[in-house]
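Got a structure here, written out as structure tokens. Questions coming.
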Amino acid sequence: MTNADLNTLALGSDLTTLGLNLNSSECLYSTFASPWAEAPITREPQFSLPLCYYMQPPPLKTSHLSKFQLETLFYIFYAMPKDVLQAYAAQELYNREWQYHQDLKLWFKRSSSADGLNFSNNQYIFFDIKTWECRVFSNMHAAGT
């Protein structure tokens, strides 16, 4: 082949001209940035973290849980299994008169006028994790779960 471009295309380039040591026992890809880079890649990127990344967040006090909305408490309970916050969220739900049914794995509460739902006091409401809202419990819900 007499054309230099076709020769490079067919045979490739000499990688040692790009700064690679082919006799090295280390991996080549850890230092090879690209064929167009002027220098080999450095091991650690050059950056500095802001000081706020090194600060520890203030610890969550259990007294804060009483200020949380109901949906937030349910989120903590269902999203943090085997965590101490799950136990604290469950305790706060018990304080708000919710009861956990272990067989159905749902939270129940006797409906009252303070709940904002217009139902009789003999009905129970439960927190539906599929729709993420409080709903009236009926036998239909028990058969479906």
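When residues of region 50-102 are filtered for being in a helix (DSSP H, G or I) and of a type in the set (Asp, Glu), how many remain? Give the derivation first.
Taking region 50-102 and keeping what is in a helix (DSSP H, G or I), we get 51-54, 62-67, 70-79, 84-95.
Those still in the list that are of a type in the set (Asp, Glu) too: 71, 92.
Qualifying residue count for the region: 2.
Only residues that are open to solvent by 100 Å² or more (accessible area, probe 1.4 Å) and farther than 20 Å from ALA89 by Cα: list them for region 49-72, please.
Answer for region 49-72, where residues must be open to solvent by 100 Å² or more (accessible area, probe 1.4 Å) and farther than 20 Å from ALA89 by Cα: LEU51, TYR53, TYR54, MET55, GLN56.
Now for a separate question. If the Cβ limit is 7 Å and pairs must be 6+ apart or interchain, which residue in region 97-111 that is over 17 Å from THR131 (Cβ atoms) pairs with which residue that is in a loop (DSSP other than H, G, I, E, B)?
ARG110/ASN121; SER111/LEU117; SER111/PHE119; SER111/ASN121; SER111/GLN123
Scan region 38-55 for residues that are of a type outside the set (Ser, Thr, Tyr) and modelled with pLDDT of 80 or more and jot them down.
Just the residues of region 38-55 that are of a type outside the set (Ser, Thr, Tyr), to begin with: 38-41, 43-47, 49-52, 55.
Those that are of a type outside the set (Ser, Thr, Tyr) and modelled with pLDDT of 80 or more: PHE47, LEU49, PRO50, LEU51, CYS52, MET55.
Restricting attention to region 118-144, which residues are at pLDDT below 85 and surrounded by 10 or more Cβ atoms within 10 Å (Cβ to Cβ)?
If we filter region 118-144 for residues that are at pLDDT below 85, which is where we start, we get 118-122, 138-144.
Of everything in region 118-144, those that are at pLDDT below 85 and surrounded by 10 or more Cβ atoms within 10 Å (Cβ to Cβ) turn out to be PHE119, SER138, HIS141, ALA142.
Within region 73-101, track down each residue that is closer than 21 Å to SER112 by Cα and either under 20 Å from the mean Cα position of the chain (by Cα) or among the polar types (S, T, N, Q) (or both). Give the steps one after another, and end with the answer.
Looking only at region 73-101, we keep the residues that are closer than 21 Å to SER112 by Cα, and these are 73-74, 90-101.
Within region 73-101, LEU73, PHE74, GLN91, ASN95, GLN99 meet the criteria.
The values are calculated or read from the model by the stated rules, or taken from the named source; none is laboratory data. All figures in this text were calculated on a predicted structure; none of them were measured in a lab. So basically every Cβ, Gly included, is an ideal-geometry build from the backbone, and we count neighbours across all protein chains shown. With ligands, DNA and RNA removed, areas are computed over all heavy atoms of the protein, side chains included. Shrake-Rupley method; radii C 1.70, N 1.55, O 1.52, S 1.80 Å.
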